[in-house]
Structure formats: C-alpha cells, structure tokens
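*Asks:* I have a structure I would like to understand better, so I am pasting it below and will then ask my questions one at a time.
The values are calculated or read from the model by the stated rules, or taken from the named source; none is laboratory data. These figures come from a predicted structure and were not determined experimentally. Here Cβ is always computed from backbone atoms with ideal geometry, including for glycine, and neighbour counts include all displayed protein chains.
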Amino acid sequence: MLTLKSEIVKSQAVKLTASQKRAKQDLERAYAIMNRETRPMRERYYDSAVSYNQKQIERDIKFTVEKMKDYSDHDSTYINLNRTLTLQRESASRVNINSLLWLKQAEETFNSKLSNISERLVGFGMMDGVLKVQRTWIEDRREFSFLIESYKSSWDKKNGCTIKTLIGTAHARLVWVSCFEKVSHWRFIITKRTK
C-alpha cells in the first residue's frame, strides 16, 4: 500500500522543464560554493550573534535595575520590575541554552542570506561558467567582503591551449547595520561589477 501511494505522488509531481532544472542546479551549485567559501565569515557571524544577544540581556538587566530606583519597595511598578528582573537574571543564567538558540537563529539567517546571494549570482548570469571566490577579507568586526568571479573556459585549437574568459565579477559584503528603531542586524549586499 505504501508503494502505491508513493507512485501516485510521483505521478502527480510537477515535472520541471530543462531550463527550470538547469536554474535549480545552478542555484544549488552557487549555494554550495558560497557556503564552502564563507566559513570564516559564518564563524564571525555566529560569534557576533551570541555576543550581541548576551550583551542585550545585560543591558536589559541594567535598565531594569536603574528603573527600579525610581520607585519605592511597596509600589506596584517596583514589584512588577522586580519580577521582570528575576526573569531576566534567570534568562542570563541559561548561557548554554541561550547560546544554542541564538546559534540556531544565526544559522537560519546566514543560510537565508547565502540563498539570496546565490539567487543574485544566478540572476547575474555568473553560473554559466566556473564560479570562484577569489578573495575574502575582513574589513573590521562589522564588515566582511569577498570577490566572486565567473570564468568560461574554451579550447583554442590554433594555439592548443585553454582560454579562460571572464563572464563577470561580483562584490559581496556582509555589513553590520546599527539601528535605533529596530534591532541592529547584518545585511548582505551584492553588486555586479563591470569588467
């Protein structure tokens, strides 16, 4: 019975055209390359996510303590702030659980950003050749950059050698955006460079 269901599901599956299959393969290949080449950035990204969240809890505790000074011990606002402070301190004490949660969130966000970069590379037409991440560098703690180049190889019968032709170059940056009205965050920016 189980095999019959799987056969029915297979027969109902939408068949992809050749160009759709190619686009999907290009996207998967771009993602795999970008995932492999950005490991040092991923490590720094994860570190900054955990550090930022730990400091945010510390800031919240400090803010609550300062706020409590404005009220007497018997005031209802003071009592509510005291409960909040207790919860914040309990949260701060769960270092490993919090770190795991923040790492999972950072992983999801980083993977999503890599997926967006991969889509842009496919959109730039750079997956028609061999994709190479030429350089990765860390500007400072708040910016990482890398240069991506795509080459197409062809055989030159006259000279008997392979000729590499540059298809395109893209510059990608992972930049820390400090915000006042919403949570500060990392943003991936990718631009195609002219030859």
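*Asks:* Within segment 1-51, work out how many residues are assigned to a helix (DSSP H, G or I), at pLDDT below 80 and surrounded by fewer than 11 Cβ atoms within 10 Å (Cβ to Cβ).
*Replies:* Of the residues in that region, 11 qualify.
*Asks:* Checking T64 against (1) in contact with a Leu (Cβ under 7 Å, 6 or more places away or on another chain); (2) closer than 17 Å to M34 by Cβ; (3) part of a helix (DSSP H, G or I), which single condition isn't satisfied?
*Replies:* Of the numbered conditions (1) in contact with a Leu (Cβ under 7 Å, 6 or more places away or on another chain); (2) closer than 17 Å to M34 by Cβ; (3) part of a helix (DSSP H, G or I), the odd one out for T64 is (2).
*Asks:* Go through (1) of a type outside the set (S, T, Y); (2) assigned to a helix (DSSP H, G or I); (3) free of Cβ contacts under 8 Å to residues at least 12 places away in the same chain; (4) farther than 30 Å from I167 by Cα for D70 and report which single condition fails.
*Replies:* Every condition holds for D70 apart from (2).
*Asks:* Now for a separate question. Are any of the residues in segment 65-82 closer than 19 Å to H185 by Cα, modelled with pLDDT of 85 or more and touching a helix residue (DSSP H, G or I) at 6+ places or on another chain (Cβ under 8 Å)?
*Replies:* Taking every residue of segment 65-82 in turn, none turns out to be closer than 19 Å to H185 by Cα, modelled with pLDDT of 85 or more and touching a helix residue (DSSP H, G or I) at 6+ places or on another chain (Cβ under 8 Å).
*Asks:* Here's another thing I want to ask about it. Among the strands (runs of 3 or more DSSP E) confined wholly to segment 76-179, which include 2 or more residues that are surrounded by 13 or more Cβ atoms within 10 Å (Cβ to Cβ), under 22 Å from the mean Cα position of the chain (by Cα) and without any contact (Cβ under 8 Å) to a residue 40 or more places away in the chain?
*Replies:* 143-156, 161-177
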